[in-house]
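Engineer: First the structure, which I've put down as structure tokens, then a few questions once you've had a look.
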Amino acid sequence: MNTPVRLSAFGLGLAALFGGAYAVAAVAVPDSAVEDRLADTEPEHDMDMETDMEDHGGHAADPVRGLSIEQDGYLMSEVAAPAQTGTDGVLAFGITAPDGTPLTEYTESHEKQLHLIVVRADGAEFRHVHPEFDGETWSLPWSWAQPGTYRVFADFVPGDAAEELDVTLSQTVEVAGDYAPRADNPITRTASVDGFEVTLAGDLATGTTTELTVEVTRDGEPVTALEPYLGAWGHLVALREGDLGYLHVHPEGDDPVPGTTSGPAITFATAAPTEGTYLLYLDFQVDGQVHTAAFVLDTDGTAPAAPTESATPHGHDGTDAHDD
Ligand SMILES: [Cu+2]
């Protein structure tokens with residue numbers, strides 16, 4: 001869809017990963033705007049994001065998490081899992097608290113104490129599941145359908161923290177076997193899953209919160225039988241291509257009343273932390289079954305498509321900062 005534009009934006013995305021968001025901003029926008037953004041974003045590190053968005057007119061990115069086995073002193077142990085495909089086994093890991101002892105208290109979030117996201121590095125495989133806790137170890141029955149390099153994310157709210165803290169830890173797991181990694185993730189706004197067609201409207205952007213709306217149809221008819229799943233009409237996980245930085249995207253509007261249904265649309269709001277391509281995975285529930293639809297967006301969906309030197313990753317002006 002946006003392929004010619006996307007190639008240059010992908011270059012920008014890589015710059016963002018290694019050079020930081022501000023270097024990209026310097027390429028894409030006038031200096032005065034960069035200064036405005038720096039002034040806006042400097043103090044937001046420890047601020048509550050909702051408050052921050054109100055204070056700054058939406059100039060806030062959701063924080064990127066899940067890039068490390070450690071966050072705020074919480075540490076994920078090695079993940080045990082079958083070493084190859086076709087073997088039934090168990091996936092298991094532990095989490096230690098900042099004092100080094102096993103973390104035993106968790107605060108429920110979206111109806112679960114811990115959310116486990118498992119994604120292959122190329123985005124081609126995705127699972128969102130909920131392991132059991134035995135007081136020390138989180139585990140669930142596990143087998144791998146495809147070989148490859150996987151990232152395992154544990155998303156939870158520690159129950160021992162003084163104030164509510166969203167923690168996402170991740171770890172890499174290798175699954176032996178021959179595989180051909182997906183070479184590219186082209187922009188994808190429609191997904192067919194289990195007889196449903198899901199379309200995604202809206203664009204991702206940096207520096208501002210935008211709305212993404214998914215619409216579910218079946219046999220060409222709008223689906224109005226969406227059921228609450230984990231306390232929401234849908235759950236959207238966004239992973240940044242390149243480092244699989246993790247964004248949990250929150251649905252707009254009130255939480256659903258149990259027993260009611262909705263549809264065909266669900267709206268989410270988020271801001272991209274950097275330019276780049278994002279892999280999005282939507283979980284939704286119909287007739288008691290959870291389905292996952294996968295999409296790919298990039299931030300240049302909202303950027304001016306003018307092929308000027310300011311939009312070129314290796315342009316002559318303003319790119320010295322990261323052009324090493
Ligand atoms: Cu979950």
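The values are calculated or read from the model by the stated rules, or taken from the named source; none is laboratory data. Keep in mind the model is a prediction, meaning the values are calculated, not measured. As a convention, Cβ positions derive from the backbone with ideal geometry for all residues, glycine included, and neighbour counts pool all protein chains shown. In case anyone asks, the SASA skips ligands and DNA or RNA and just uses the protein heavy atoms, side chains included. Shrake-Rupley method; radii C 1.70, N 1.55, O 1.52, S 1.80 Å.
Engineer: Residues in region 224-243 that are open to solvent by 10 Å² or more (accessible area, probe 1.4 Å) and away from the ligand (no atom under 14 Å from the Cβ): how many? Full working, then the answer.
Structural biologist: Step one: list which residues in region 224-243 are open to solvent by 10 Å² or more (accessible area, probe 1.4 Å), which gives 224-225, 227-231, 233, 240-243.
From what's left, away from the ligand (no atom under 14 Å from the Cβ): 224-225, 227, 233, 240-243.
Residues that pass the stated criteria total 8.
Engineer: Let me ask you something else. What is the one condition in (1) surrounded by 15 or more Cβ atoms within 10 Å (Cβ to Cβ); (2) closer than 19 Å to Val157 by Cβ; (3) at pLDDT 95 or above that His110 does not satisfy?
Structural biologist: For His110, the failing item is (3).
Engineer: Which one of Glu197, Glu163 is farther than 21 Å from Val129 by Cα, outside any loop (DSSP other than H, G, I, E, B), out of contact with any helix residue (DSSP H, G or I) (no Cβ under 6 Å at 6 or more places or on another chain) and not basic (Lys, Arg)?
Structural biologist: Working: Glu163 fails: outside any loop (DSSP other than H, G, I, E, B).
Exactly one of Glu197, Glu163 is farther than 21 Å from Val129 by Cα, outside any loop (DSSP other than H, G, I, E, B), out of contact with any helix residue (DSSP H, G or I) (no Cβ under 6 Å at 6 or more places or on another chain) and not basic (Lys, Arg), namely Glu197.
Engineer: Among the residues of region 61-79, are any within 30 Å of Pro158 (Cβ to Cβ), outside any loop (DSSP other than H, G, I, E, B) and at pLDDT below 95?
Structural biologist: In the first step, residues of region 61-79 are kept if they are within 30 Å of Pro158 (Cβ to Cβ); the result is 61-79.
Keeping just the survivors that are outside any loop (DSSP other than H, G, I, E, B) gives 65, 70-71, 74-76.
Next cut, at pLDDT below 95 only: 65.
Within region 61-79, one or more residues are within 30 Å of Pro158 (Cβ to Cβ), outside any loop (DSSP other than H, G, I, E, B) and at pLDDT below 95.
Engineer: For region 200-224, what are the residues that are outside any strand (DSSP E or B) and either outside the structural domain of Ala271 (by TED's automatic domain parsing) or not β-branched (Val, Ile, Thr) (or both)?
Structural biologist: Step one: filter region 200-224 for residues outside any strand (DSSP E or B), giving 202-205, 207-209, 219-220, 223-224.
Matches in region 200-224: Gly202, Asp203, Leu204, Ala205, Gly207, Asp219, Gly220.
Engineer: Let me ask something additional. Name the one entry in Arg218, Arg151, Arg182 that is open to solvent by less than 70 Å² (accessible area, probe 1.4 Å) and either out of contact with any Lys or Arg (no Cβ under 7 Å at 6 or more places or on another chain) or under 30 Å from Pro102 (Cβ atoms) (or both). Let's see the steps before the verdict.
Structural biologist: Values: Arg218 fails: open to solvent by less than 70 Å² (accessible area, probe 1.4 Å); Arg182 fails: open to solvent by less than 70 Å² (accessible area, probe 1.4 Å).
One residue alone meets the criteria, Arg151.
Engineer: Sticking with this structure for a sec: Determine which member of the set Pro264, Pro258 is open to solvent by 40 Å² or more (accessible area, probe 1.4 Å) and away from the ligand (no atom under 14 Å from the Cβ).
Structural biologist: Numbers: Pro264 fails: open to solvent by 40 Å² or more (accessible area, probe 1.4 Å).
Within the list Pro264, Pro258, the selection yields Pro258.
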